[in-house]
Amino acid sequence: MITVSDNAVFALSNRYFSYVFHVSPEGLLEHRYYGLPLSAPLDAPVHHQGTQREMTSNFEGEPYYNLTDTPQEYPIFGRSDYRAPAFHARNADGNSIFTLLYKSHTIKADKPKLDGLPSARGGGSQTLIIILEDALWGLTAKLHYTVYEDYGVLARSVVFENNGTRDINLEHVYSTALDLPPGDYEALHLHGTWAREFNAERMALPHGRFVIGSARGTSSAAHSPFLAVIDATATETHGRVYGTALVYSGNFSISTEVNEFEDVRILAGINPFNFNWTLAAGERFTTPEALHVFTQNGLGGMSHIWHDFVRDKISPPAFRHLPRPTYLNTWEAAYFDVNEGKVLTLADKAATLGVDMLVLDDGWFKGRRDDTTSLGDWTADPSRFPSGIPALAAKIKAKGLKFGLWFEPEMVNPDSDLFRAHPDWILHVPGRKSSLGRHQLTLDLSRAEVRDYLFDAIDSLLSCGDIGYVKWDMNRAMTEVGSAAFPPSQQAEVPHRYLLGLYDLLSRITNKYPDILFENCASGGNRFDLGMLSYMAQNWTSDNCDPIARLDIIHGASLVFPLDVCAAYIGPSPNHQNGRVSSIHTRYDAGAFCAAKGVSLSEADIDANLPALQRLMSHAKDTATDMVGGHFDRLIKTRNEVCWQYTSRDGETVYLAYFHILAAPNLPFRRAHVRGLDPLAEYILTEDKTRHQGDALMHSGMALPYVATGQVKADMRYMAKGDFSSHVFIFKKVSP
Ligand code: GLA
């Protein structure tokens, strides 16, 4: 996988890609190639010739050697490259001129863990560590590159060490820089907000910089830490795609830059805005991990690579192929109006529905009757839960159900015992009134004593042994991000130190309770990223459960995330976020390919829809094993139609979900071209036992149900009448 030539050419190759760079005579790392695997990657041609250009400068006077358009591995600023750099820092002389030159390299048989940060697991991998050095200031940058035998992902990160004697102030410390040759490219990224997460936007790559990022303390949902540079002609199945994603949950930046010579630079890492880190003599700083994907097989090809990798190398291994429990969640059933009696009644409803688990969402702890109070005080409210949580969990277990519990550990309400006891435990700055979000403040997780308090509070409940699931919520963006625990010179470190603290807390808790299923949530998908998914096997996808809204949300999320990590439940109609009325079937079908499925409906709603809900939850249980580890494909997406395919991991069952948004008369007949089937096998459609040849389903397509508006004909398959209809086909493979 990793090969090195005598003249310092480095190649990382597997069956998905080759990635090649070399050391220039001056000692700089020059990028050569990233694309389909080459048979002799060390011989990858150097396309960049070097020329004398007016109004540029030559690096240290070398004729024809200016960095303005030289493709590099870890570019710096101020030495003839005028693009945004991967690295920018200030030394004790007060200037920002550094030169990171090749010193040595090592190859590790596997993948070292990153200090204090989540990172993809190794296994079947090799890691190349290139050591660069700035001799003047004693700064070392170790560039880590990991290549896997079986995944089309290249992992990169950087470790800085100050081996000099003076402080160095790190300002831009990107995890990766990828310089691509000129081409006809577009950018694809995901933008959104609360209840409208994951909108995919595709646009021509502009000259200059295009930057997405976050400065709000959480990674998303305004932008997800993902961006792809793609061929302008790329489709779901064809075209080159260079995808980049970060394993990080805080302030990030991913940018593209097209310079005057059409060279393309991608940078990804911690957002340099409002960031500064004092690297004192003898200290080390590790960047978050960046992941790159290359494929020639379009957006669907990229998604398949991400999905396999996230499932196998990011998501906690204990849940990799475990079917997720079906559940009843109390939130949209009762909101804050929960008490022991009501929860036990809902548990009975859950048992009647046939689901596996009852989840007690917000509202269970001391004094918590609405969102103005009590976050931080993680003991059961004595008036509403007099027997306490462990006893309630035991009673629910006795009904044959698992029990799950909601926490929002990182937050505190000013009206809480915790805040009254420790007003300095919040993120804040001296002399300024703190801004509130949902009436709450953010605890300062950079402080060990705050983390210890939270660990003990959560541990004292989880240790009862009857809690099988935890929803870890986080419901505000950060403001006044300062810490009473650090001196003025280190205040710009606090946003990243918060994340290091959060990851430390999550490691402690999830290591102690590896069998508890953790679900990440931040008002839905507002911190839905690969960092959080390193600790938690699933994510509450969005607070918006309207099925039509979910079509876009799932479409966007699925570009990167396997639906194994997405949770969906049947919520009320009219929907509480957008007021849309939809059938219970469409509400279920929109989440049918998400691994975690459930219901969050009032007792009255459950009673009114009981047989249908029982059927749907039984379907959810029957398909739960298939819904982990399979293949997801986006077949059709127009303004009015969506068609998705989900193929079980063993290839034996193929599901097609077709959604028709607004009814219209006299529509065309539509077909879906199914993907990845065995062309010689037959597939039986379970609903009518008809047999379909694999190649015909792929090449001729499956006729989709017709949207009935007028007369219906006996031998035709129709969608339910009216708006927002859906149909799910299930095919079973017959061995050839
Ligand atoms: C957030 C979550 C919801 C619910 C509420 C409880 O909004 O996204 O699912 O848990 O908090 O307050």
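The values are calculated or read from the model by the stated rules, or taken from the named source; none is laboratory data. The structure presented is a predicted model; accordingly, all values stated were derived computationally and were not measured. Positions of Cβ are backbone-derived with ideal geometry, glycine not excepted, and every protein chain shown enters the neighbour counts.
Suppose we keep only residues that are out of contact with any Leu (no Cβ under 6 Å at 6 or more places or on another chain) and among the aliphatic types (A, V, I, L, M) within region 374-399. Which one would you say is nearest to the ligand (Cβ to nearest atom)?
L375
Is at least one residue of region 269-286 of a type in the set (S, T, N, Q), free of Cβ contacts under 8 Å to residues at least 60 places away in the same chain, within 27 Å of A204 (Cβ to Cβ) and not assigned by TED's automatic domain parsing to the domain that holds A477?
Yes: region 269-286 contains one or more residues that are of a type in the set (S, T, N, Q), free of Cβ contacts under 8 Å to residues at least 60 places away in the same chain, within 27 Å of A204 (Cβ to Cβ) and not assigned by TED's automatic domain parsing to the domain that holds A477.
Keeping to region 328-344, report how many residues are part of a helix (DSSP H, G or I), within 32 Å of the chain's Cα centre (by Cα), more than 9 Å from the ligand (Cβ to nearest atom) and farther than 18 Å from G367 by Cα.
Number of matching residues: 1.
Determine the pairs where a residue that is under 19 Å from G250 (Cβ atoms), located within region 512-531, has a partner that is among the basic types (K, R) and away from the ligand (no atom under 14 Å from the Cβ) with Cβ atoms under 9 Å apart, the partner being 6 or more residues away or on another chain.
The qualifying pairs are N526/R216.
Output yes when any residue across region 421-429 is buried (at least 21 other Cβ atoms within 10 Å of the Cβ) and assigned to a helix (DSSP H, G or I), and no when none is.
yes
Scan region 517-553 for residues that are more than 12 Å from the chain's Cα centre (by Cα) and in a helix (DSSP H, G or I) and report the count.
Result for region 517-553: 7.
Tell me the residue from L500, L462 that is away from the ligand (no atom under 16 Å from the Cβ), closer than 17 Å to D361 by Cβ and at pLDDT 95 or above, please.
Every option except L462 fails the conditions.
Exactly one of (1) aliphatic (A, V, I, L, M); (2) buried (at least 19 other Cβ atoms within 10 Å of the Cβ); (3) within 16 Å of the ligand (Cβ to nearest atom) is unmet by L436. Its number?
Status for L436: all satisfied but (2).
Test S157 against the criterion of being within 19 Å of the chain's Cα centre (by Cα) and part of a strand (DSSP E or B), and give yes or no.
The answer is yes for S157.
Let's see how each residue does on (1) within 16 Å of the ligand (Cβ to nearest atom); (2) modelled with pLDDT of 95 or more; (3) over 22 Å from L360 (Cβ atoms):
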{"site": "Y513", "(1), (2), (3)": "no, yes, no"}
{"site": "I516", "(1), (2), (3)": "no, yes, no"}
{"site": "D552", "(1), (2), (3)": "no, yes, yes"}
{"site": "S558", "(1), (2), (3)": "no, yes, yes"}
{"site": "H576", "(1), (2), (3)": "yes, yes, no"}
{"site": "V581", "(1), (2), (3)": "no, yes, yes"}
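In the list N526, N520, which residue meets the criterion of being surrounded by 24 or more Cβ atoms within 10 Å (Cβ to Cβ), at pLDDT 95 or above, touching an Asp or Glu at 6+ places or on another chain (Cβ under 8 Å) and of a type outside the set (A, V, I, L, M, F, W, C)?
N526
From (1) surrounded by 22 or more Cβ atoms within 10 Å (Cβ to Cβ); (2) at positive phi, pick out the condition that doesn't hold for I266.
Among (1) surrounded by 22 or more Cβ atoms within 10 Å (Cβ to Cβ); (2) at positive phi, I266 violates only (2).
Would a scan of region 42-62 turn up a residue that is assigned to a strand (DSSP E or B) and in the same structural domain as G183 (by TED's automatic domain parsing)?
no
Mind listing whichever residues of region 568-604 are crowded, with 17+ Cβ neighbours inside 10 Å, outside any loop (DSSP other than H, G, I, E, B) and touching a residue at least 60 places away in the same chain (Cβ under 8 Å)?
Listed by number, the residues that qualify are Y569, H585, T586, D589, A590, A596, K597, G598, V599.
Taking the condition part of a strand (DSSP E or B), free of Cβ contacts under 8 Å to residues at least 40 places away in the same chain and not hydroxyl-bearing (S, T, Y), does L405 pass?
Judged against the criteria, L405 is not a match.
Of all residues in region 7-21, which are more than 14 Å from Y102 (Cβ to Cβ) and in a loop (DSSP other than H, G, I, E, B)?
Passing the criteria: N14, R15, Y16, F17.
Assess whether D371 counts as being within 14 Å of the ligand (Cβ to nearest atom), of a type in the set (D, E), modelled with pLDDT of 95 or more and outside any strand (DSSP E or B).
Taking the combined requirement at face value, the residue satisfies it.
Looking at region 542-563, which of its residues are of a type outside the set (G, A, S) and more than 17 Å from H223 (Cβ to Cβ)?
Result: D543, N544, C545, D546, P547, I548, R550, L551, I554, P562, L563.
Just give me the residues in region 627-666 being assigned to a loop (DSSP other than H, G, I, E, B) and over 24 Å from the mean Cα position of the chain (by Cα), in sequence order.
Hits for region 627-666 are T638, R639, N640, D650, G651, E652, I661, L662, A663, A664, P665, N666.
In region 468-497, which residues are part of a loop (DSSP other than H, G, I, E, B) and away from the ligand (no atom under 16 Å from the Cβ)?
The answer is G468, M478, T479, E480, V481, G482, S483, A484, A485, F486, P487.
On the given criteria, is S13 in contact (Cβ under 8 Å) with a residue 12 or more places away in the chain, on the phi > 0 side of the Ramachandran plot and either exposed (fewer than 15 other Cβ atoms within 10 Å of the Cβ) or of a type in the set (S, T, Y) (or both)?
no
Quickly run through region 299-327 and pick out the residues that are among the small types (G, A, S), under 30 Å from S618 (Cβ atoms) and part of a helix (DSSP H, G or I).
S303, A318
Restricting the search to region 439-453, which residues are touching a residue at least 60 places away in the same chain (Cβ under 8 Å) and either part of a loop (DSSP other than H, G, I, E, B) or surrounded by fewer than 22 Cβ atoms within 10 Å (Cβ to Cβ) (or both)?
Across region 439-453, the qualifying residues are H439, L445.
Do we find that H191 is surrounded by fewer than 23 Cβ atoms within 10 Å (Cβ to Cβ), touching a residue at least 60 places away in the same chain (Cβ under 8 Å) and not assigned by TED's automatic domain parsing to the domain that holds L551 in this structure?
Judged against the criteria, H191 is not a match.
Got a sec? Which strands (runs of 3 or more DSSP E) wholly within region 171-242 have at least 1 residues that are farther than 30 Å from P495 by Cβ and out of contact with any Phe, Trp or Tyr (no Cβ under 7 Å at 6 or more places or on another chain)?
Those strands (runs of 3 or more DSSP E) span 185-193, 196-204.
Looking at region 158-183 only, could you name the residues that are closer than 13 Å to G269 by Cβ and in contact with a Pro (Cβ under 7 Å, 6 or more places away or on another chain)?
Those that are closer than 13 Å to G269 by Cβ and in contact with a Pro (Cβ under 7 Å, 6 or more places away or on another chain): E171, H172, S175, A177.
Output yes when any residue across region 349-356 is within 15 Å of S600 (Cβ to Cβ), more than 16 Å from the ligand (Cβ to nearest atom) and among the β-branched types (V, I, T), and no when none is.
So far as region 349-356 goes, yes, one or more of its residues are within 15 Å of S600 (Cβ to Cβ), more than 16 Å from the ligand (Cβ to nearest atom) and among the β-branched types (V, I, T).
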